[in-house]
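The values are calculated or read from the model by the stated rules, or taken from the named source; none is laboratory data. Predicted, not measured: the structure shown is a model, and the values here were computed from it. Cβ atoms come from the backbone with ideal geometry, glycine included; neighbour counts cover every protein chain shown.
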Amino acid sequence: MIRIFINGLAASAGAGLTYLHNVVPHLAALAGAHTTLALQPILAQNFERLSNVDLICPPGISGTARRFVFEQTKLPCLIRKSRADVLISAGNFALRSSPVPQILLSGNSLYTSSDFSADLRSRREYLMLVDNFLKRMLARTSVHWADLTVAPSRAFADELQRWTGREVTVIHHGFDRTAFFASQTRLSDHTQRKLGEAAGCLRLLFVSHYNYYRNFETLLRALPLIENLLPEKRVKLFLTCKLEANANPGSYDGSSAMALVQQLGISDNVVQLGAVPYASLHHLYTACDLYVTPAYAETFAHPLVEAMASGLPVVASDLPVHKEVCGEGARYFRRFSSESLAKAVVEAWNPEIRSKLAIAANARANEFSWSRHVDGLVQRATELRQKHAANAVGCLSSSAPHASRPGY
């Protein structure tokens with residue numbers, strides 16, 4: 001039996017919450033493991049019915065600063081009380097003095113991305129730039145605090161290794177095809193109506209909240225270029241967000257993107273659906289023709305796997321992470337080139353190429369599994385526990401008094 005403590009206090013939305021939703025149930029099903037999960041109280045109802053999982057939900061620690069102080073001062077005591085063998089820190093930051101061996105899950109490419117820093121400067125987002133710099137320094141230090149750092153892709157692991165000088169282990173994130181397609185929850189009437197209005201159009205899909213590093217502007221600038229290259233086709237881009245201020249998680253302001261939409265005269269081409277419930281998301285993928293992502297920073301990108309599993313050909317920016325995840329299931333373009341993006345979409349829309357991409361994409365999606373991810377995580381945790389125990393025995397042996405020799 002191995003006892004694992006997961007610090008999930010940083011998870012509130014997006015990838016962090018998706019990770020816990022997929023990983024914790026798999027851990028709960030393992031007979032040889034017991035899990036203690038620390039998370040925000042508002043999320044407790046999502047996990048309280050799981051057997052073999054204890055929840056710790058400390059109140060009043062919302063916000064990065066409060067959470068960090070709590071983690072560094074109070075969390076070690078809770079870890080000891082749980083009798084955990086290994087700590088898994090799931091929020092990019094590690095404990096400075098963990099009472100047990102610690103695995104750091106590092107999954108934020110913004111701390112290593114020079115493109116993101118340049119983008120913030122160009123937008124004059126100086127407060128965000130300073131905030132990212134401080135978190136960047138803490139994330140780098142955290143890699144040195146942890147006993148083992150795990151990244152969700154080889155490309156991002158290599159980036160972390162160059163940045164920190166420390167070895168980083170790769171355990172690919174997973175995908176549960178059965179669970180993803182299981183729900184029969186329908187799309188909202190609004191979304192179905194918008195899809196119906198786009199019948200006969202080339203329907204592009206991009207699943208993301210609005211943020212800067214997903215590079216919406218390059219995609220928006222490509223839309224009129226695509227229509228010029230495909231004059232017989234009307235193009236519709238479906239977004240699962242709203243291009244408005246205060247309409248997305250974090251402090252990203254989508255109003256500048258909306259201004260670009262109006263400037264380009266593509267308001268009729270851009271369909272802002274807003275957030276689509278995860279249970280019905282697979283219906284949206286299968287209702288579209290191509291999945292497009294222009295992101296310039298990424299660590300894994302779960303929507304790519306969801307799109308490929310839905311049989312949707314992918315057009316992705318030329319990030320090493322995208323190429324690692326999609327393989328032959330995508331066409332790639334230069335990440336800041338709207339012209340390159342438009343040409344890649346036209347190529348992927350060719351019936352023969354589209355068919356080959358869809359087959360390759362579906363096969364590639366099968367290579368990702370949450371079960372395999374959890375098995376790999378537990379294996380690393382077990383190895384750390386054994387190493388720690390061996391070191392402890394070695395220390396005791398070396399500190400024991402030497403036996404008296406005859407004649408002395």
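In the stretch 102-142, how many are surrounded by 14 or more Cβ atoms within 10 Å (Cβ to Cβ), under 16 Å from Phe68 (Cβ atoms) and of a type outside the set (S, T, N, Q)? Number satisfying all stated conditions: 8. Of the residues examined, Leu195 is one that is in a helix (DSSP H, G or I) and either buried (at least 21 other Cβ atoms within 10 Å of the Cβ) or in contact with a helix residue (DSSP H, G or I) (Cβ under 7 Å, 6 or more places away or on another chain) (or both). Checking Glu48, Glu71 one by one, the residue that is among the charged types (D, E, K, R), part of a helix (DSSP H, G or I), touching a strand residue (DSSP E or B) at 6+ places or on another chain (Cβ under 8 Å) and under 20 Å from Gly8 (Cα atoms) is Glu71 and no other.
Quick one: which of Gln40, Gln72, Gln45 is modelled with pLDDT of 90 or more, surrounded by fewer than 18 Cβ atoms within 10 Å (Cβ to Cβ) and within 22 Å of Gly107 (Cβ to Cβ)?
Numbers: Gln40 fails: surrounded by fewer than 18 Cβ atoms within 10 Å (Cβ to Cβ); Gln45 fails: within 22 Å of Gly107 (Cβ to Cβ).
Result of the check over Gln40, Gln72, Gln45: Gln72.
Taking Gly8 as the residue in question, decide whether it is under 30 Å from Arg214 (Cβ atoms), among the small types (Gly, Ala, Ser) and surrounded by fewer than 17 Cβ atoms within 10 Å (Cβ to Cβ). No, not satisfied. Checking Thr185, Thr178 one by one, the residue that is farther than 19 Å from Gly311 by Cα and at pLDDT below 95 is Thr185 and no other.
Within the stretch 23-76, the residues that satisfy the criterion of being among the small types (Gly, Ala, Ser) and closer than 29 Å to His172 by Cβ are Ala28, Ala29, Ala31, Gly32, Ala33, Ala38, Ala44, Ser51. Annotation note: Cβ proximity below 7 Å between a residue of the stretch 54-79 that is assigned by TED's automatic domain parsing to the domain that holds Ala38 and within 15 Å of Phe93 (Cβ to Cβ) and a residue that is at pLDDT 90 or above and hydroxyl-bearing (Ser, Thr, Tyr) (sequence gap 6+ or interchain) occurs for Pro76/Ser97; Pro76/Ser98. Count of the stretch 321-347 residues, restricted to those that are surrounded by fewer than 24 Cβ atoms within 10 Å (Cβ to Cβ), touching a residue at least 12 places away in the same chain (Cβ under 8 Å) and more than 23 Å from the chain's Cα centre (by Cα), is 6. Under the condition of being of a type in the set (A, V, I, L, M), modelled with pLDDT of 95 or more and within 25 Å of Ser255 (Cα to Cα), the residues counted in the stretch 285-306 number 3. For the stretch 229-263, taking the residues that are polar (S, T, N, Q) and in contact (Cβ under 8 Å) with a residue 60 or more places away in the chain, the one that is surrounded by the most Cβ atoms within 10 Å (Cβ to Cβ) is identified as Ser256.
Checked against the criterion of being aliphatic (A, V, I, L, M) and outside any strand (DSSP E or B), the stretch 321-331 has at least one qualifying residue. Restricting attention to the stretch 113-123, does a residue exist that is under 20 Å from the mean Cα position of the chain (by Cα) and free of Cβ contacts under 8 Å to residues at least 60 places away in the same chain? Checked the stretch 113-123: at least one residue is under 20 Å from the mean Cα position of the chain (by Cα) and free of Cβ contacts under 8 Å to residues at least 60 places away in the same chain.
Yes/no matrix, rows are residues, columns are (1) out of contact with any Phe, Trp or Tyr (no Cβ under 6 Å at 6 or more places or on another chain); (2) part of a helix (DSSP H, G or I); (3) among the charged types (D, E, K, R):
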{"residue": "Asn246", "(1), (2), (3)": "yes, no, no"}
{"residue": "Gly250", "(1), (2), (3)": "yes, no, no"}
{"residue": "Asp253", "(1), (2), (3)": "yes, no, yes"}
{"residue": "Ala259", "(1), (2), (3)": "yes, yes, no"}
{"residue": "Gln262", "(1), (2), (3)": "yes, yes, no"}
{"residue": "Ile266", "(1), (2), (3)": "yes, no, no"}
{"residue": "Val271", "(1), (2), (3)": "no, no, no"}
{"residue": "Val276", "(1), (2), (3)": "yes, no, no"}
{"residue": "His283", "(1), (2), (3)": "yes, yes, no"}
